[in-house]
Amino acid sequence: MTSAIQVTPRGYAGPGVRFGVPFLALVFALVVGAVILRIAGNDPAEAYRTMFDSSLNGWTSITRTLALATPLILTGLAAAVAFQMRVYNIGGEGQLYIGAIAGSWVGLLLPESMSAVVMLSAMIAVGAVAGAAWALLAAIPKAFFNADEIITTLMLNFVALSLMNYLIFGSLSFWRDPKRTVPGGKRLPDSAIMPSLSGRLHIGIIIAVVAAMLLWWLLRRTSWGFQVRTIGDSPRAARYSGMSVRLKTLTVLGMSGALAAIAGVSEVSGVTKGLEPRALATDIGFTGIIIAVVARNNPLGVVPVSVFLAAIATSGSRLQSIGIEVEVVYLLQGLIFLTVTAGEFFVSNRVGLRAERRAEADGGIPPSAELARGVS
Amino acid sequence: MTTEPSRLEVRSLTKSFYGVPAIDSVDFDLRGGEIHGLLGENGAGKSTLCSVLSGLYRPDTGTVSIDGSPVQFRSPHDAAQHGIGMVYQHFRLVDSFTVAQNIVLGLRRGTRPKSIRQAESMVGDLADEYGLHVDPTARIWQLSVGEQQRVEILKQLFRGAQILILDEPTAVLAPQETDRLFEAVSTMVGKGHSVVLVSHKMAETMQYTDRLTVLQRGRNAGTADTANSTPADVAKMMFGDSRAADRREVTTAADVGETVLSLSDVCVTGDSGLAAVTDASFEVRRGQVVGVAGVAGNGQRELQEAIAGLRPIASGSLEVAGTDCTKTGPKGSAKAGLAFVPEDRLGVGLAPGLPLEHNMALKNHDRSPHSRFGVLSSSAIAKTTKRLVEAFDVRGNRRGMRVSLMSGGNLQKAILARELTEGHDVLLAAAPTRGLDMAAAEAVRAHIVDERAAGRGVLVFSEDLDEIIHMSDVVLVMFKGQIVGSFTRESLDVDAVGLLMTGSDPTVVSPSGSSIEIDLTEAPDETLDVATISTAEEATA
């Protein structure tokens, strides 16, 4: 009944804990990873050097990592804002496709001669509205009939994917380039392409970081965010204090869909430069869910987590090129991510040896209390 | 009868949680072939005693013996091996499984029937034997609540239970189902089983049990032969009788002023879709504390929620300080001048995972000075928090700490601080001192009494009858969703309140010597509206 290890919630974690724990977790992962690499017959030092060089060492590596992080930040924010209110939008992937479809539609429709500022603004605006509308397909049943948004948003992903595939592979749509033998999207005009900052890195990263800061401000510093956080913590307390849970469900899911859709616009405009289903469907929306969870739904946390995840991803392909088995690479990636994530437990809880013997005196709820609740 | 040996013998059993005894040196005997009623208020220790007997908790001290030999249960399975079976109020059945599947579920190899066919026929035979008719092949979700309860009982009988503990078995049943249940119970008793009937309801306890034991605040307040007891005696055992004296010391109300809360014929529907509150009508005036007594689950929560605007009012009307709030929702009630201290401190009154600052601004975060044009002012919120914390002596908060880590007393003071500093005319407080230690409870009561002195109206709900009587100028009694009695300070009769709370009619069963009067019509200047003795009769009929 009594265990030697005692876990108590911290309540409030200081900066030393918040930054120190992930760092120690990373070190731990690298040590364990070194053992695995050695067993698999590789040189850990060389592997780690390659990982570092290919993702974070030097301007080219950094821009490559940041370019990969750009859409991840946006889908991470999309998930974070919904999760903050405990509305589980699993539909970021589909909302991203819708954003790509709507954004590229505007880019192909408006005259090429238009100024890039107007063109890109219009693409982002229309893409965001389309993504929000797509999310509302799940938000409205949720708000009015309490339909489970996990199911509806997940299912809408498949609808969005099918729609995108149909537009390019299944029909001679407005988006499809009739001149290409292999089906593909029409190339966007230059004014509809996000200007490059350096190499693959385009201005989407600025949009993403500004969005993160804006979202943080909305959640932390406005009465709208106050209500969202209250509902996320306790819907009954929110209702008790007169907040409209229904209205917030609609706005939060709409905003979530819009953010994921902006990721789609950013990809279609800055990376694929036309509606290319194969290149767009790379689980960016789903990865955003993981990012939000690790960042504890904090918009400012989403940025470093996205960059970290992008760094692991970019270094992976280079590791294979130096002869490390792909399975070992995946294992290493998973290990790093897992330990850093698991470190969260040590941030929110204080773990130590039990001083007192009696379980109940420590404030632990007796395990059977839950069962006994039926008796009154 | 009295020479019959005990099946189950409990001696000086004590079980504490967090240092507070839930049951304290309890003695209890159960004879072979008897139905033994176990009564007590909420928190009297009934559930803890049952949980110890069914092997869920291990006692701190004391002994349990079966047929004279001491036993120690390590688990519910262990208790079942010794022939003790518990039927919970909330069933533990798998909805998508059949009756027979549910009954054999969890049986170990050897005791389990060879096939599901065999299980079905065994269950069928058992059901016939005890008159607990239910189709063994039916799936649980197809069954009525009464049938599901039969499955639970069969499950225990199948496991060879000789001692059955039924936890408020009639709480969920319709009257005809109740009759059928007790027919089956008497069959069981006829076959030598012993039954412990946990109940709040006086009528069924008096009607069906052979003996009864009353728990009060974790102690055995007495065991008696039912035939030799009157409801009035039992109510006295349940609620005590010392309280009439000390309530007189409370300062009398300031001048009673205009009406600040008025309900007329309010009907409210519960979560199950059935009526939870029927025709509630009463008023609360300035300078007056109105207390609502009642055993939990008699519609109090639904009535509170309706007054606070959290639950729609099906019919009737509600006014808060002269404003019609029948359909205006939580914001409307608050705006009209209602302060509400809800039953659930964490989860309703406070958002548990957020810091104190956030919770202190919960209701007025969107107004100046806490926000302007939708932008929050952290400094204004911090300032308000500091002021409230100092004024109400809220302790144990650290910056940024989630409120759920604070103690119950401080949480309640924090809610009071927030609710009582906004402009309001009437305070609605639900179970305001539940779970608090003595000092914190006293502080909370002092704040409530201050409200009266300040010329505001107070409506307080509590399961603690002492508290109600101690604070209130007017006492209302709620039973089965109705106001079944109302008493002024002068007319208050504690015994009658206790009887009404358990659904008995005090004018019918009068204890020898003392006459009971319920003074409803005699105080025309008082605020009470309805609550006549006839409603009490209807409720018990």
Practice problem: Take segment B:328-346 and flag every residue that is within 8 Å of chain A (Cβ to nearest Cβ), more than 24 Å from B:Lys383 (Cα to Cα) and touching a helix residue (DSSP H, G or I) at 6+ places or on another chain (Cβ under 8 Å). | Solution: B:Pro330, B:Pro342, B:Asp344
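Of all the helices (runs of 4 or more DSSP H) wholly in segment A:1-98, which have at least 2 residues that are touching a residue at least 60 places away in the same chain (Cβ under 8 Å) and within 14 Å of chain B (Cβ to nearest Cβ)?
Details: elements: A:15-39, A:44-55, A:59-84.
Helices (runs of 4 or more DSSP H) meeting the threshold: A:15-39, A:59-84.
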Quiz item: How many residues, within segment A:275-303, are among the basic types (Lys, Arg) and under 11 Å from A:Gly76 (Cβ atoms)?
Solution: 0
Exercise. List the number of the failed condition for B:Gly160; all other conditions in (1) in a helix (DSSP H, G or I); (2) more than 14 Å from chain A (Cβ to nearest Cβ) hold.
Key: (1)
Self-check item: Neighbours by Cβ (under 7 Å, 6+ apart or cross-chain): first from segment B:296-320, free of Cβ contacts under 8 Å to residues at least 40 places away in the same chain and within 14 Å of chain A (Cβ to nearest Cβ); second of a type outside the set (A, V, I, L, M) and outside any loop (DSSP other than H, G, I, E, B)
Solution: B:Gly309/B:Gly329; B:Gly309/B:Pro330; B:Gly309/B:Gly332; B:Gly309/B:Ser333; B:Leu310/A:Arg239; B:Leu310/A:Tyr240; B:Leu310/B:Pro330
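Suppose we keep only residues that are within 28 Å of B:Ala203 (Cα to Cα) and surrounded by fewer than 16 Cβ atoms within 10 Å (Cβ to Cβ) within segment B:141-170. Which one would you say is farthest from the chain's Cα centre (by Cα)?
Kept after step one, since they are within 28 Å of B:Ala203 (Cα to Cα), are these residues of segment B:141-170: B:143-157, B:161-170.
Keeping just the survivors that are surrounded by fewer than 16 Cβ atoms within 10 Å (Cβ to Cβ) gives B:144-145.
Details: B:Ser144: 24, B:Val145: 21 Å.
Once the filter is applied, the top-ranked residue is B:Ser144.
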Practice problem: Taking the options B:Gly68, B:Gly83, B:Gly32, name whichever one is over 23 Å from B:Pro169 (Cβ atoms) and away from chain A (no Cβ under 14 Å). | Solution: B:Gly68
Quiz item: at positive phi and in contact (Cβ under 8 Å) with a residue 24 or more places away in the chain, is that true of B:Gly40?
Solution: yes
Quiz item: Of the residues that make up segment B:49-63, is at least one within 14 Å of another protein chain (Cβ to nearest Cβ), of a type in the set (Phe, Trp, Tyr), over 16 Å from B:Lys155 (Cβ atoms) and out of contact with any strand residue (DSSP E or B) (no Cβ under 9 Å at 6 or more places or on another chain)?
Solution: no
Quiz prompt | Considering residues of segment B:479-533 that are out of contact with any helix residue (DSSP H, G or I) (no Cβ under 7 Å at 6 or more places or on another chain), at pLDDT 55 or above and assigned to a helix (DSSP H, G or I) only, the residue nearest to B:Leu274 (Cα to Cα) | solution = B:Met501
Self-check item: Odd one out for B:Leu350 among (1) more than 9 Å from chain A (Cβ to nearest Cβ); (2) within 18 Å of B:His447 (Cβ to Cβ)
Solution: (1)
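Within segment A:205-253, can you find the residues that are polar (S, T, N, Q) and buried (at least 21 other Cβ atoms within 10 Å of the Cβ)? Working first, answer last.
Residues of segment A:205-253 that are polar (S, T, N, Q), as a first pass: A:222-223, A:227, A:230, A:234, A:241, A:244, A:249, A:251.
Selection gives A:Gln227, A:Thr230, A:Ser234, A:Ser241, A:Thr249.
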Quiz prompt | Residue that is hydrophobic (A, V, I, L, M, F, W, C), within 23 Å of B:Gly190 (Cα to Cα) and over 31 Å from the mean Cα position of the chain (by Cα), where the choices are B:Ala127, B:Ala100, B:Ala79, B:Ala138 | solution = B:Ala127
Quiz item: What number of residues in segment A:286-338 are part of a helix (DSSP H, G or I), touching a Phe, Trp or Tyr at 6+ places or on another chain (Cβ under 6 Å) and buried (at least 20 other Cβ atoms within 10 Å of the Cβ)?
Solution: 2
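Return the residue satisfying two criteria in turn: it lies in segment B:317-363 and is charged (D, E, K, R) and assigned to a loop (DSSP other than H, G, I, E, B), and of such residues it is surrounded by the most Cβ atoms within 10 Å (Cβ to Cβ).
So the first thing to find is which residues in segment B:317-363 are charged (D, E, K, R), and the list is B:319, B:324, B:327, B:331, B:335, B:343-345, B:357, B:363.
Within this subset, residues satisfying the condition of being assigned to a loop (DSSP other than H, G, I, E, B) are B:327, B:343-345, B:363.
On the way: B:Lys327: 11, B:Glu343: 20, B:Asp344: 17, B:Arg345: 25, B:Lys363: 21.
Restricting to residues being charged (D, E, K, R) and assigned to a loop (DSSP other than H, G, I, E, B), the top hit is B:Arg345.
Sort through B:Asp27, B:Asp95, B:Asp78 and tell me the only one that's among the acidic types (Asp, Glu) and touching a Phe, Trp or Tyr at 6+ places or on another chain (Cβ under 6 Å). Full working, then the answer.
Details: B:Asp27 fails: touching a Phe, Trp or Tyr at 6+ places or on another chain (Cβ under 6 Å); B:Asp78 fails: touching a Phe, Trp or Tyr at 6+ places or on another chain (Cβ under 6 Å).
The unique qualifying residue is B:Asp95.
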Quiz item: For residues in segment A:229-280 being of a type in the set (D, E, K, R) and within 14 Å of chain B (Cβ to nearest Cβ), which is nearest to A:Ser104 (Cα to Cα)?
Solution: A:Lys248
Exercise. Take B:Gln89 and decide whether it is part of a loop (DSSP other than H, G, I, E, B), in the same structural domain as B:Asn220 (by TED's automatic domain parsing) and surrounded by 13 or more Cβ atoms within 10 Å (Cβ to Cβ).
Key: yes
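The values are calculated or read from the model by the stated rules, or taken from the named source; none is laboratory data. Model, not experiment: these values are computed from the prediction. Note that we place each Cβ from the backbone using ideal geometry, even for glycine, and neighbour counts take in every protein chain shown.
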